[in-house]
């Protein structure tokens, strides 16, 4: 009997690992499409005749659309089969990414980016709910998901620029458009269908969360995490090319440092948080690392910038899974989808604002990235202070 129980436990563990792996592939795809325009801001400026704010709007358009659908997408993940909800998003994401790659004008490109944001927004709560349900919200599993997102960033900001340098920007964007169908195949092979929950309790779950101070505090931390993260994630490639004078390929190599550090550090931080029950202090430490990275970027010295990339990559990718682990500890099971949607709405409003905010700051300062690094560093310190005041459910 003990042997049979052990075998059942191993089977459950194997199934959970497959679900996490498939969800990581989906989030890899979403993150690649999300930041896929960042390395090409200079190219879009020349191609479409827009300023930095206009180029930044290609990032912000995606993110604002993504943000707007988070709550209904989270409610859908609670009510219907999350795998089917994610399927709708992946199909739409692949088609709109194809339109972006072939866009003949700025208006078409901006419209395609907004459509991509809507589709990616449908995906996120569903795959996160699948992973949380399979692993009970363990920080290690959520760290693995963040590692998948780091690989998506690597594909977008390192591999795509190399492909563009060898061929063209359009070919690089076409390469990214191949990711959604691959992620869809992995999702359907690894994740079983879930029976729809039905019912009409999703609106009640949203109202409960909006009255929960612990959850609202975590949502505020999510806002700060993403607006700090997108100072580096969104603008380092352009800084590397314009201020440091690096080529597309060299800027891609710099971003590879950023993303590979995150790939390694996210699961380790999640495991540390699980073992010691110190998710909030580790989150504060990650925020301080990000603040120090921005100080190093102010030097405009390549060696110090590389060190800054290590700190910024670790700070960003460590923060996000720790936040979701804290959310999973705080909310009831029937609120998971709604909590992910609401929490991600606050986070993504920050990331959506970042393209316009930092682009406008760059235009107003005459192209000086110092103003971006100073503002982002101050916000990172505010995040650290907020994390230290956070009291998770297990405290």
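The values are calculated or read from the model by the stated rules, or taken from the named source; none is laboratory data. Please read these numbers as outputs of a predicted model, since none were measured by experiment. FYI the Cβ positions are ideal-geometry reconstructions off the backbone, even for glycines, and counts take in every protein chain you see.
Look at residue 131 and say whether it is farther than 15 Å from residue 26 by Cα and surrounded by 23 or more Cβ atoms within 10 Å (Cβ to Cβ). Quick ask: steps written out before the conclusion?
Numbers: farther than 15 Å from residue 26 by Cα: no; surrounded by 23 or more Cβ atoms within 10 Å (Cβ to Cβ): yes.
Spelling it out, it is not the case that residue 131 is farther than 15 Å from residue 26 by Cα and surrounded by 23 or more Cβ atoms within 10 Å (Cβ to Cβ).
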Exercise for the section: Mind checking which helices (runs of 4 or more DSSP H) fall wholly inside the range 54-152 and carry at least 3 residues that are more than 23 Å from residue 187 (Cα to Cα)? Expected result: 82-101, 106-135
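Quick grid of which residues meet (1) within 21 Å of the chain's Cα centre (by Cα); (2) surrounded by fewer than 24 Cβ atoms within 10 Å (Cβ to Cβ); (3) touching a residue at least 24 places away in the same chain (Cβ under 8 Å):
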{"position": "19", "(1), (2), (3)": "yes, yes, yes"}
{"position": "42", "(1), (2), (3)": "no, yes, yes"}
{"position": "87", "(1), (2), (3)": "yes, yes, yes"}
{"position": "116", "(1), (2), (3)": "yes, no, yes"}
Exercise for the section: Show the residue pairs that are 6+ apart or on different chains and have beta-carbon atoms under 7 Å apart, the first residue being within the range 284-307 and buried (at least 22 other Cβ atoms within 10 Å of the Cβ), the second being not in a helix (DSSP H, G or I). Expected result: 305/244
Practice task
Would you mind stating whether residue 162 is modelled with pLDDT under 90 and within 15 Å of the chain's Cα centre (by Cα)?
Solution key: no
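For the range 257-271, which positions are crowded, with 18+ Cβ neighbours inside 10 Å and at pLDDT below 80?
Quick first cut of the range 257-271, residues crowded, with 18+ Cβ neighbours inside 10 Å only: 257-263, 265-267, 269-270.
Matches in the range 257-271: 259, 262, 263, 265, 266, 267, 269, 270.
Among the residues that make up the range 136-149, is at least one of them at pLDDT 80 or above and within 19 Å of the chain's Cα centre (by Cα)?
To start, the set of residues in the range 136-149 that are at pLDDT 80 or above comprises none.
No, because not a single residue in the range 136-149 is at pLDDT 80 or above and within 19 Å of the chain's Cα centre (by Cα).
Within the bounds of the range 310-320, is there any residue that is in a loop (DSSP other than H, G, I, E, B) and free of Cβ contacts under 8 Å to residues at least 24 places away in the same chain?
Filtering the range 310-320 down to residues in a loop (DSSP other than H, G, I, E, B) leaves none.
No - not one qualifying residue is present in the range 310-320.
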Fill in the blank from the handout: When the range 273-292 is checked residue by residue, the ones that are more than 19 Å from residue 388 (Cβ to Cβ) and modelled with pLDDT of 90 or more are none
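Within the group 71, 50, which residue is on the phi < 0 side of the Ramachandran plot and at pLDDT 80 or above?
On inspection, the qualifying residue turns out to be 50.
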Exercise for the section: Quick one: residue 321 ticks every box in (1) modelled with pLDDT under 90; (2) under 30 Å from residue 50 (Cα atoms) except a single one, so which number is it? Expected result: (2)
Practice task
Would you please list the contacts, defined by Cβ atoms under 6 Å and residues six or more apart or on different chains, that run from a residue in the range 367-385 that is free of Cβ contacts under 8 Å to residues at least 60 places away in the same chain to a residue that is surrounded by 14 or more Cβ atoms within 10 Å (Cβ to Cβ) and part of a helix (DSSP H, G or I)?
Solution key: 371/361
